[in-house]
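Here it is, the structure, as structure tokens.
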Amino acid sequence: MSGFFLRKARIEDVKTIHMLLMECAKGELLLPRSFNQLYSHLRDFYVLSSDDNKTIKGCCALSICWDQLAEIRSLVVHPDLQKQGWGRKLVEACLSEAVTLGVYKVFTLTYQRDFFAKMGFEEVTKEKLPQKVWADCIHCPKFPECDEIAMVMEM
Ligand SMILES: CC(C)(COP(=O)(O)OP(=O)(O)OC[C@H]1O[C@@H](n2cnc3c(N)ncnc32)[C@H](O)[C@@H]1OP(=O)(O)O)[C@@H](O)C(=O)NCCC(=O)NCCS
């Protein structure tokens, strides 16, 4: 079996990213994203690709929200490759990109509190995040009963 590596997403990855997110969304681990959202935000994504580029086994997106604020979202590692450090690497790739862009505060809305705590994120009350963050929430099937945890990393 071939190895895996991280790279920025390409247009041919969209269908697999969509499938990975849909699988996780079924278990209510994260929110699904439409093809429209994925195509228009493709540049936000890193993917975990097989060496031969034939398979995508994970993804993570960094979305710029506001002055000095970005969000990590759509993080998935396929169960076949979990607990091997790929989730950490995907998050680190996004954090590194945030620094390159001059954004030093990154948040996430998640059910994976312990995982993100290990990455150095701290839990905050949702009210600490600017209102702009909630623009997307209206599209969420759970709105307005949000049970995700807000976590922030300041670099
Ligand atoms: C959460 C997820 C991305 C973690 O990916 P992963 O590749 O298994 O994580 P890693 O192997 O990089 O783990 C990094 C560290 O976090 C720990 N960890 C991994 N998953 C964890 C979890 N669910 N809870 C607590 N700690 C966890 C690992 O033990 C490891 O600790 P260490 O550095 O002390 O060894 C993966 O379980 C997943 O895709 N889950 C389903 C989708 C999901 O919930 N996404 C988050 C949406 S915001």
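Tell me, which strands (runs of 3 or more DSSP E) lie completely within region 22-96 with 2 or more residues that are of a type in the set (S, T, N, Q)? Walk me through it before giving the result.
Numbers: elements: 45-50, 56-66, 69-77.
The qualifying strands (runs of 3 or more DSSP E) are 45-50.
For (1) open to solvent by 60 Å² or more (accessible area, probe 1.4 Å); (2) away from the ligand (no atom under 11 Å from the Cβ); (3) under 18 Å from VAL124 (Cα atoms), each residue gets a yes or a no:
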site	(1), (2), (3)
GLN68	yes, yes, yes
GLU71	no, no, yes
ASP80	yes, no, no
GLY85	no, no, no
VAL91	no, no, no
LEU95	no, yes, no
THR100	yes, yes, no
VAL106	no, yes, yes
THR110	no, no, yes
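Let me ask another. Name the residue, out of LEU48, LEU38, LEU42, LEU20, that is more than 16 Å from the ligand (Cβ to nearest atom), farther than 20 Å from LEU129 by Cβ and open to solvent by less than 30 Å² (accessible area, probe 1.4 Å).
Details: LEU48 fails: more than 16 Å from the ligand (Cβ to nearest atom); LEU38 fails: more than 16 Å from the ligand (Cβ to nearest atom); LEU20 fails: more than 16 Å from the ligand (Cβ to nearest atom).
The unique qualifying residue is LEU42.
Sticking with this one: Would region 130-143 turn up any residue that is away from the ligand (no atom under 15 Å from the Cβ), closer than 17 Å to GLN68 by Cβ and touching a residue at least 12 places away in the same chain (Cβ under 8 Å)?
Yes; the residues of region 130-143 include at least one that is away from the ligand (no atom under 15 Å from the Cβ), closer than 17 Å to GLN68 by Cβ and touching a residue at least 12 places away in the same chain (Cβ under 8 Å).
Can you tell me which residues in region 93-111 are out of contact with any strand residue (DSSP E or B) (no Cβ under 8 Å at 6 or more places or on another chain) and in contact (Cβ under 8 Å) with a residue 40 or more places away in the chain? Don't jump to the end; show me each part of the working.
Here is the first cut: in region 93-111, the residues out of contact with any strand residue (DSSP E or B) (no Cβ under 8 Å at 6 or more places or on another chain) are 96, 99-100, 102.
Result: VAL99, single match.
Something else about it: Within region 1-17, track down each residue that is surrounded by 11 or more Cβ atoms within 10 Å (Cβ to Cβ) and either at pLDDT 95 or above or not polar (S, T, N, Q) (or both).
Step one: filter region 1-17 for residues surrounded by 11 or more Cβ atoms within 10 Å (Cβ to Cβ), giving 2, 4-10, 13-17.
Answer for region 1-17, where residues must be surrounded by 11 or more Cβ atoms within 10 Å (Cβ to Cβ) and either at pLDDT 95 or above or not polar (S, T, N, Q) (or both): PHE4, PHE5, LEU6, ARG7, LYS8, ALA9, ARG10, ASP13, VAL14, LYS15, THR16, ILE17.
Now a separate question. Among the residues of region 112-129, how many are away from the ligand (no atom under 12 Å from the Cβ), more than 15 Å from SER63 (Cβ to Cβ) and touching a residue at least 12 places away in the same chain (Cβ under 8 Å)?
6
The values are calculated or read from the model by the stated rules, or taken from the named source; none is laboratory data. What you see is a predicted model, and the numbers here were worked out from it, not measured in a lab. Using ideal geometry, Cβ is built from the backbone for each residue, glycine included, and neighbour counts are taken over all protein chains shown. In case anyone asks, the SASA skips ligands and DNA or RNA and just uses the protein heavy atoms, side chains included. Shrake-Rupley method; radii C 1.70, N 1.55, O 1.52, S 1.80 Å.
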